[in-house]
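So the structure is just underneath, and the comments pick up after that.
The values are calculated or read from the model by the stated rules, or taken from the named source; none is laboratory data. All values derive from a computational prediction rather than experimental measurement. Note: ideal-geometry Cβ built from the backbone for every residue, glycine included; neighbour counts use all protein chains shown.
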Amino acid sequence: MTALRDYSAAVTQPTLGGDPPRYDEVVAPDGALRPGWRRLAEGAVQLTEDDLRRVGGDIERFLANDGVTYTPADQDPGPWRLDPVPLVVDAAEWSPLEVGLAQRTELLNAILVDLYGPQRLLSSGVLPPAIVFAHQGFLRVSARASAVDPHPLLLAAADLGRAASGEWQVLADRAQAPSGIGYAMENRRVISRVMPELYRQAGLHRMAPFFQALRATLIDSAPASSPNPRVVVLSPGTLSETAYDQAFVASSLGFPLVEGSDLVMREGAVWMRVFGRLERVDVILRRVDAEWSDSLELRKGSQLGVAGLSEAVRRGTVRVVNGLGAGVLENPGLLPYMSAMCELLLDEPLRLPSVQTYWAGDPRSARYVLDHLDGLVVRTIDQGSGPGLEHHGPDRLRELIVAEPHRYVGQELLPLSQSPTLDARGVHPQAVTLRTFTLRYGSTYRPLVGGLASVSDDDRVPSSKDVWVLKERPEDPDQGLVDVLPLTNVRAPAAMVPRVLEDMFWFGRYAERAEDMLRLVLTAHASAEDYRSRPHTAGGASLAVLMSAVARLSGSRHTADQLDDNFRSLLLDAHRPGSVAQSIGALRDAAQSVRDQLSPDTWQAFSWTERASAHLSTYHYSHQVAESAGQMLTGILSLQGVTANMMRDPGWRMIGTGRAIERGLQLCHLLAATTTVRRGIDVDRDVNTAVLSAAESAVTHRRRYRGYVRLPGVLELLLADAENPRSLAAGIEEMRQHLAAMPESTGSTRPERLLDDLADELDRADVASLAVVEGENRPDLERFLTSCIGQLLRLADAVGDVHFAGAPVPRAFGFATVTE
Amino acid sequence: MTGDEPEVGRRYRVSHRTTYSYDDDVSDSLGIAYLVPRELPWQTVGRSELTITPTPLDQTADVDYYGNTATYFQVTEPHRVLDVLAVTEVEARADRHSAEALAVPWEDARPAHRPDVPDAWQAQDLALPSSLADQTDEARAYAAQSLTPGRPVGEAVVEVMRRIHADFAYDKTATTVTTTVDDIFEKRAGVCQDFAHLTLACLRSHGLAVRYVSGYLATTPPPGKERIVGADATHAWAAVWIPGDGWLAVDPTNDQLVNDRYVTVAWGRDYADVPPVKGVIFTEAKSSTLRVEVDVAPVTD
């Protein structure tokens, strides 16, 4: 039996009472397939559960390779989840929904225009004023006669569910800063790759034209005075719930992803800090809630927005999408009045119903809510389900509602439709909701033909589904849009704000730090495999020296006989300073905050390192250390390929600078830990050989010195030989080129001067003579290395001061004030 | 007074200087000032000048949601002292209310219950809780003693004002700008701003609409003493919606109805809507001092 037939048989079985009947997305009550699925049947019916499971595995891998994450509130980022079975809607069924969504968005826009303008809805008594006045999203700073925006709503989203009859109902409107469209695109990208035949057969609407239209809408929304508008995507940062979605949208649309600290208010307009200059910003697609967008007039102390933004918006010097006041629409208190508002503002009946909702500020509705607390979901008008409201018993809820009735609504629980969903036990029906997106394009509102579906059962992390809206005729244009210009090879113009440069610099440093530590671990582990049981041989002594280098770079709480524990901790313990795990974690954080600037290939490196870590945690053989470290190294080295393909812009130069500084530091520490003491010919030879290997210069050395390993040659090759790309000299030359190409370069900036000093010191030192021994020690070498380390650290600080210096953080007037 | 003859008000020259000093350079100050008094049926505003030093690159006056003048400014030259000086000439008269309007039962002065009154829908905004005037159970119970069934609204409101004046001590050290209604009840003390917030919380919790009003009170020197320039202060009080007859302004700090010695600058839901000066600075400075000087000088020609 195939998965779909099994599913069909199971859901058409008469159930023994209990659950209320639900609309099934695939199978009609008589057991026949729904029209949309009938068209897919040929390909879809043949899929067995095993096929689906394989597809599910492919999806997981693709999503991991693309680094797609979702961060539930107050939790760490986790993988984004996508079910292999799409939600399929055929053209006949979609068409009335599309009309309803367009009307609804037009209505929401009209409501917004009215509430921030004439307030006819309130003065006429159609909408009880308290619903608006008590809502946190009603921003009085935007409700001024001086600030009239004819179309404040450019992109809206709605969450829909189906009643048992199959009727779509709106569960909630999203108007502030709707999220999810990036996830919807990513879902489609993955599904089309893992089920190519089915995808091709289906004849569904591709989403790309909608994105093109979105881009055009954003550019067109710029204030009329800008001939060449600059659009940015304002993100609250990488810790945000939907950080991936934001970065995806920014890079797909070709707009820079910025944070509040990258922007500044001047002359009543918003500017972006770019290389110490200010560049005007015309349009802000915001993913920061309005309340946090302006620490001057909205939430005091917020660092997520731009101080003064409300003023710029009122003056019309910048367009914020959606307008700051749009949050007032995310208000379930509006739902009972939608019909009446539609009649008043649009003069037509409401097409798309909302889930039955009762606003408790109305005395009759309040009585109904209080009498039906068991059967209704209680929500506050402005905080979703409210903090912990779902945990209150009926008595507490009653108290809350009676105390402040205008702040609460009761909503009927829609049974929701069900859709086959793959889980660990097989394919089962799960309740599904649909998020739709509607865009103002030209003079009309156009819903995305598609969407983002969510399924959840009680005990699992929610998963998503791709939404397939089938074309009526194969020749129908995608999204019904024929006139949009394709996005030709859009790449985010480099938004080289100081924050981005700083993240790039650290990306370089952590990539190098991870790589160098991996090489040291591989070298030390190989030595341990040979000599761990023979501590008194030359090899055993050399192993101890290598472990002292490890301890110098990464500390150690392990004794000499806990070698494998030590290696594992170096690879896996993210809390150990200097460990590979810590460097990779920090590298990933840096990459995430500049995700829009990096190739998607970047994320494959991390899926390599993650798989290697997982293996190492599972398998406890010693050789797994070498194997996993090798896989991690492969992943980290692939980042060199990513940077090789980058534009030679300041971001790329900062990665290179970061790498070169870190490489120099790691090298000097390695040499200081291993070569400044003389230990006898055999031990020294082993140590020197290991150092060459850890510094990735063993092959070069063999070619140049024919296997004759002596310290002067090693130092020459690792410090002074500019032709060895791993040498300090080569790193200095590399940095010199990078720094000279930075826009701030004058030839005499502090970093450039420090670099010149370092180069001079290296030139002056006769490297071979640094190996001179006094007693057991090499004091000249030790002094030289210590000096280099100090200079490299100062150089790193100076690069930060010159190239990443942002403005001080904004604070309120009279902070820490003494009143006289 | 018959009410027919044109009333002559008192004229004042109000000078209000706010000075912030910092221990390091401030590269950028953005601010909003509510310092220009409102033009009102009972108040005429003459010359009004707002002078900010250093001179802002950008200074723009706008009318906010409640009809107040809000001045936005940005100073972008490095500075260690920011000085905001408002000088205004204003003529204030007493706002009169008809005895009939004040005699309606307080229950009928709740805007949510008066769809027949044209501005009742708008007044509902000011019957809702606001962040600095939390409608606590204590506030509700406190006001309930005066809001007995059917009692005329004027009488009930004046009694609440009297009681707040009697029950709460004026104490500058008791409170800060973040003081809550609970704090005021606990300390049984506060300043004018706290008493205004308390009045809002008490009356709004019963459905009355009340404005927070910010302004000045002209002080009279003790007999035989010269008026001391700069000894005045900013002031705050509350005004209650009276159906069809505007807003009844009461000053719980001084236990009196607002009269021609009061200059009205701005009103809103609470202090946070209309602080005289607020702003954001960009600086590495570690500390700052604030100095406020207010002078309300009578003008006689």
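Would you say B:Asp83 is surrounded by 15 or more Cβ atoms within 10 Å (Cβ to Cβ), assigned by TED's automatic domain parsing to the domain that holds B:Ser21 and among the acidic types (Asp, Glu)?
Answer is yes for this residue.
The residue that is nearest to B:Ala86 (Cα to Cα), among those in the range B:258-280 that are within 13 Å of another protein chain (Cβ to nearest Cβ) and of a type in the set (Val, Ile, Thr), is B:Val277. The number of residues in the range A:524-534 being assigned to a loop (DSSP other than H, G, I, E, B), of a type in the set (S, T, N, Q) and touching a residue at least 12 places away in the same chain (Cβ under 8 Å) comes to 0.
Determine, yes or no, whether B:Thr175 is of a type in the set (S, T, N, Q), modelled with pLDDT under 95 and in the same structural domain as B:Ala109 (by TED's automatic domain parsing).
Yes: the conditions hold for B:Thr175.
Sub-6 Å Cβ pairs linking a first residue in the range B:281-293 that is facing another protein chain (nearest Cβ under 7 Å) and assigned to a strand (DSSP E or B) to a second residue that is surrounded by 16 or more Cβ atoms within 10 Å (Cβ to Cβ) and basic (Lys, Arg), at least 6 apart or interchain, are B:Ile281/A:Arg811, ordered by first then second residue.
Scanning the range B:119-154 for residues that are in a loop (DSSP other than H, G, I, E, B), touching a Phe, Trp or Tyr at 6+ places or on another chain (Cβ under 6 Å) and facing another protein chain (nearest Cβ under 9 Å) gives a single hit, B:Leu128.
Of all the listed residues (A:Ser179, A:Ser192, A:Ser146, A:Ser142), the sole one being in contact with a Lys or Arg (Cβ under 9 Å, 6 or more places away or on another chain), without any contact (Cβ under 8 Å) to a residue 40 or more places away in the chain and either part of a helix (DSSP H, G or I) or in the same structural domain as A:Ala250 (by TED's automatic domain parsing) (or both) is A:Ser192. Residues to consider are A:Ala213, A:Ala145, A:Ala222, A:Ala158; find the one that is touching a Pro at 6+ places or on another chain (Cβ under 8 Å) and not acidic (Asp, Glu). Selected residue: A:Ala222, the only one of A:Ala213, A:Ala145, A:Ala222, A:Ala158 that is touching a Pro at 6+ places or on another chain (Cβ under 8 Å) and not acidic (Asp, Glu). On the stretch given as the range A:160-177, residues that are of a type in the set (D, E, K, R) and surrounded by fewer than 19 Cβ atoms within 10 Å (Cβ to Cβ) total 1. Scanning the range A:738-758 for residues that are within 23 Å of A:Leu719 (Cα to Cα) and either touching a Cys at 6+ places or on another chain (Cβ under 6 Å) or in contact (Cβ under 8 Å) with a residue 60 or more places away in the chain (or both) returns A:His738, A:Leu739. Can you find, within the range A:286-297, the residue that is surrounded by the fewest Cβ atoms within 10 Å (Cβ to Cβ) among those that are assigned to a loop (DSSP other than H, G, I, E, B) and more than 11 Å from chain B (Cβ to nearest Cβ)? Per the criteria, the residue is A:Asp289.
What are the pairs with Cβ atoms under 9 angstrom where one residue, in the range A:308-320, is more than 10 Å from chain B (Cβ to nearest Cβ) and the other, located anywhere, is of a type in the set (Val, Ile, Thr) and in a helix (DSSP H, G or I)? Sequence gap at least six, or different chains. That search, which allows pairs on different chains as well, returns A:Arg319/A:Val313; A:Val320/A:Val313.
Rundown of residues vs (1) buried (at least 16 other Cβ atoms within 10 Å of the Cβ); (2) touching a residue at least 24 places away in the same chain (Cβ under 8 Å); (3) over 35 Å from the mean Cα position of the chain (by Cα), yes/no style:
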| position | (1), (2), (3) |
| --- | --- |
| A:His536 | no, no, yes |
| A:Gly540 | yes, no, yes |
| A:Leu543 | yes, no, yes |
| A:Ser548 | no, yes, yes |
| A:Ser554 | yes, yes, no |
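Looking at A:Leu304, A:Leu344, just one residue is assigned to a helix (DSSP H, G or I) and either more than 33 Å from the chain's Cα centre (by Cα) or surrounded by 17 or more Cβ atoms within 10 Å (Cβ to Cβ) (or both), and that residue is A:Leu344. Within the range A:331-341, if we keep just the residues that are closer than 13 Å to A:Arg104 by Cβ and in contact with a helix residue (DSSP H, G or I) (Cβ under 8 Å, 6 or more places away or on another chain), the residue that is surrounded by the most Cβ atoms within 10 Å (Cβ to Cβ) turns out to be A:Leu334. So, A:Val274, is that one crowded, with 22+ Cβ neighbours inside 10 Å and of a type in the set (Val, Ile, Thr) or not? Spelling it out, it is not the case that A:Val274 is crowded, with 22+ Cβ neighbours inside 10 Å and of a type in the set (Val, Ile, Thr).
Every listed requirement among (1) within 23 Å of A:Leu214 (Cα to Cα); (2) at pLDDT 90 or above is met by A:Ser417 save one, (1).
Summed over the range B:42-67, residues that are under 30 Å from B:Asn259 (Cα atoms), within 9 Å of chain A (Cβ to nearest Cβ) and β-branched (Val, Ile, Thr) total 1. Of all residues in the range A:271-281, those satisfying the criterion of being more than 12 Å from chain B (Cβ to nearest Cβ) and within 17 Å of A:Ser310 (Cα to Cα) are A:Met272, A:Arg280, A:Val281. So is A:Ala250 among the small types (Gly, Ala, Ser), more than 17 Å from A:Leu154 (Cβ to Cβ) and under 20 Å from the mean Cα position of the chain (by Cα) or not? Against the criterion (among the small types (Gly, Ala, Ser), more than 17 Å from A:Leu154 (Cβ to Cβ) and under 20 Å from the mean Cα position of the chain (by Cα)), A:Ala250 does not qualify.
Being at pLDDT 95 or above, at positive phi and of a type outside the set (Phe, Trp, Tyr) holds for only one residue in A:Gly316, A:Gly308, A:Gly361, and it is A:Gly308. Of everything in the range A:111-139, what is facing chain B (nearest Cβ under 10 Å), in a loop (DSSP other than H, G, I, E, B) and free of Cβ contacts under 8 Å to residues at least 60 places away in the same chain? Give them in sequence order. Across the range A:111-139, the qualifying residues are A:Gln119, A:Gly125. Looking across the range A:349-407, the residues that are more than 14 Å from chain B (Cβ to nearest Cβ), basic (Lys, Arg) and either part of a helix (DSSP H, G or I) or surrounded by fewer than 17 Cβ atoms within 10 Å (Cβ to Cβ) (or both) come down to A:Arg351, A:Arg364, A:Arg367, A:Arg396, A:Arg398. The number of residues in the range B:15-33 that are away from chain A (no Cβ under 12 Å) and either of a type in the set (A, V, I, L, M) or touching a helix residue (DSSP H, G or I) at 6+ places or on another chain (Cβ under 9 Å) (or both) comes to 0.
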